Each structure stands twice: as C-alpha cells, then as structure tokens.
1. Enter the accessible area per residue of the stretch 1-118 (Å², integer; probe 1.4 Å; all protein chains in place).
2. Sorted by average packing, counted as other Cβ atoms within 10 angstrom per residue and highest first, what order do 144-153, 59-68, 178-187, 271-280 take?
3. Along each principal axis of its Cα atoms, how long is the stretch 193-279 end to end? Whole angstroms, biggest number first, please.
4. What does the accessible area per residue of the stretch 162-217 come to in Å², with a 1.4 Å probe and no ligands, DNA or RNA counted?
5. Give me the Kirkwood hydrodynamic radius of the chain, using the inverse of the mean 1/r over all pairs of distinct Cα atoms, in Å to one decimal.
6. Which whole-number percentage describes the relative contact order of the chain, with Cα contacts under 8 Å and a sequence gap of 6 or more?
7. For the stretch 140-285, restrict the atom set to alpha-carbon positions and state the Rg and Dmax in Å.
8. Could you tell me how many degrees, from 0 to 90 and to the nearest 10, lie between the Cα long axis of helix 152-164 and the main elongation axis, the longest principal axis, of the Cα atoms of the chain?
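The values are calculated or read from the model by the stated rules, or taken from the named source; none is laboratory data. All values derive from a computational prediction rather than experimental measurement. Here the Cβ is made from the backbone with ideal geometry for all residues, glycine too, and neighbour counts use every protein chain on show. Ligands, DNA and RNA are excluded from the accessible area calculation, which covers all protein heavy atoms including side chains. Shrake-Rupley method; radii C 1.70, N 1.55, O 1.52, S 1.80 Å.
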Amino acid sequence: MQVIKTVKDLQAAVAAYKKDGVSIGLVPTMGALHEGHGSLISAARKENDAVIVSVFVNPTQFGPTEDLDAYPRTLDADCEMAQALGADIVFAPSAREMYPSDDDTWVEVTGSITAVLCGRSRPTHFRGVTTVVSKLFLLAQPDRAYFGQKDAQQAEVLKRMVKDLFFPLELVVLPIVREADGLAKSSRNVYLSAEERKAALVLSRSLAGAAARFDAGERSGAALAQEVREQIEAEPLATIDYVEYYALPGLTEAAEPLTGDTLLAVAVRFGTTRLIDNVILEGNK
Ligand code: PAF
C-alpha cells in the first residue's frame with residue numbers, strides 16, 4: 001500500500017490506473033478510522049480493482065468554535081487498518097495541498113437540504129463537505145465512492161451534488177455500524193467520559209424504540225419524534241440540538257401520516273461532544 005501526500009502524486013497514480021482500465025473505489029474519511037470506516041473500505045475492496053482511502057481532517061467543514069484542533073489524528077493506525085483491509089492507496093494531504101489558494105472556490109448545495117438538521121446549527125458545514133468531496137472526486141476519479149448512513153444528511157447532500165454536477169460515479173451508502181451496546185461508531189466517541197458514553201446510549205435506544213413503534217403501525221412522525229425527544233430529555237447529561245424527521249430522498253418536509261421513507265434523526269450534546277444518530281423508517285414496510 002502506498003501513502004500519498006501530494007495532489008501531483010495522486011494524479012499520477014490515478015492516471016496509471018485509468019490507463020490500465022482499473023476501476024477505482026474511493027473511501028473519503030477524516031481519519032481516526034473505526035469499524036464504520038472499515039465496512040466502507042471492505043465494500044470498496046470487494047467492488048473495485050483499486051481502493052483509495054483519503055485521510056484528511058477538512059478544516060472548511062468545521063465552524064469557528066468546533067473541534068478542528070482537537071479532532072483525533074491517528075495516521076499511522078489509519079494506514080495500518082486501511083492496509084489490513086486491502087486498500088491500495090492512502091491519500092493523506094496537508095491542508096495547504098488541498099486548499100492551495102485558501103478558500104476562493106466553493107462547491108455548495110443550497111436550499112432546504114443543507115439548511116435543516118445539522119445545517120441549522122452548522123451553517124457552513126456542508127459547503128465544506130461538498131467542496132472537499134468534489135476535490136477528492138476530481139482527483140481520484142472513482143467509479144464508486146463510499147459513505148456511511150450515520151451521516152445521513154451528508155449522504156443526501158452528496159447524492160444531490162453528484163446528480164446536479166454529473167459526477168460519473170456511483171455513490172454507495174452503507175448502514176450504520178454500532179458498538180455491541182448500540183452506540184453508533186464515531187471518531188468523536190473517544191471524547192466521551194465513561195458517564196457520558198453510558199448516557200449516550202439513549203440515542204440508539206430511543207431511535208430503536210421509535211422504529212419498533214413505526215413497524216407496529218404508528219404513522220405519526222410527530223408522535224414518534226416526541227417519544228424520542230422525551231426519552232432523551234429524561235437523560236440529565238444530554239442536551240438536544242434536534243430531534244426531527246424528514247422525507248427521503250431529499251429531506252423535504254414529511255407529510256402526516258408518514259407514507260414513504262422517512263429519516264428520523266437526532267443531534268445531542270453530551271458535555272462538549274455532539275453526537276448524531278438516525279434511523280430510516282421504511283414506508284413500504
Ligand atoms: O464523513 C466524513 O468523514 C467527512 O465529512 C468527509 C466525507 C470525509 C469529508 O471531509
């Protein structure tokens with residue numbers, strides 16, 4: 001496995017792949033790899049001739065008061081894991097390499113899809129994500145790119161970007177990977193104290209409860225969201241950012257009673273750590 005740090009070297013490697021007709025799977029990450037990323041790399045390994053994993057803590061998707069400096073950086077361990085899972089290249093550029101002219105050029109998906117949920121409390125976040133992912137798509141020229149369902153809004157925004165900008169690739173979204181006790185795997189889980197980690201189980205527990213009620217026939221999105229909200233509010237260490245539901249695809253307002261697929265999503269702070277989790281309520285069930 002090669003570790004590539006410059007745009008020029010990645011472009012050369014990709015040009016060689018393209019010349020040989022090699023299909024490319026790209027797994028964009030910010031590093032601190034865990035089993036959630038592992039599932040993406042393994043899928044990319046199965047479905048493509050070559051696998052590129054990018055490891056880049058993208059400064060433009062962090063707000064001024066967010067955890068850019070504290071975000072875990074574990075490149076050696078990330079490379080070990082990527083190699084063990086069969087990646088061919090880890091692309092780990094510097095910020096200057098990815099943003100050679102500071103922040104003059106942006107790719108932005110506008111409208112309610114980026115304004116709701118995390119877009120409300122992190123107004124510049126998705127613009128940073130779509131900009132860096134566009135750069136990665138243009139550099140790696142993947143046939144397939146892999147993302148996790150935990151970042152459900154990110155996946156919807158990226159699907160819209162791929163469609164609108166005619167990126168010639170398949171965007172693959174894979175299910176949330178959870179700890180044995182239900183906590184969604186996240187690079188930010190390392191910030192949690194033992195008490196906060198225990199308290200954070202309310203997220204998966206309340207969402208699973210809502211999904212079970214939906215499966216049993218409850219079709220009021222408001223009632224399901226309220227039930228989740230009440231359970232989280234009963235947890236003293238939790239501070240709710242949002243508990244909301246939107247229609248899929250596209251995150252438009254969900255009509256009541258729920259008919260099609262609906263995303264029920266939460267963002268909650270435990271101390272200074274903001275966690276997100278979600279469940280898809282499948283309308284055809
Ligand atoms: O999901 C992430 O880790 C990041 O938002 C991504 C897609 C790698 C862009 O920096």
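1. Value returned for the stretch 1-118: 48 Å² of accessible area per residue.
2. Per-residue mean Cβ counts within 10 Å order the peptides as 144-153, 271-280, 178-187, 59-68.
3. 39, 26, 14
4. 54
5. 19.7
6. Taking the mean separation of contacting Cα pairs over the length of the chain, I get 17 percent.
7. Computed over the Cα atoms of the stretch 140-285, radius of gyration and Dmax are 16.0, 47 Å.
8. 50
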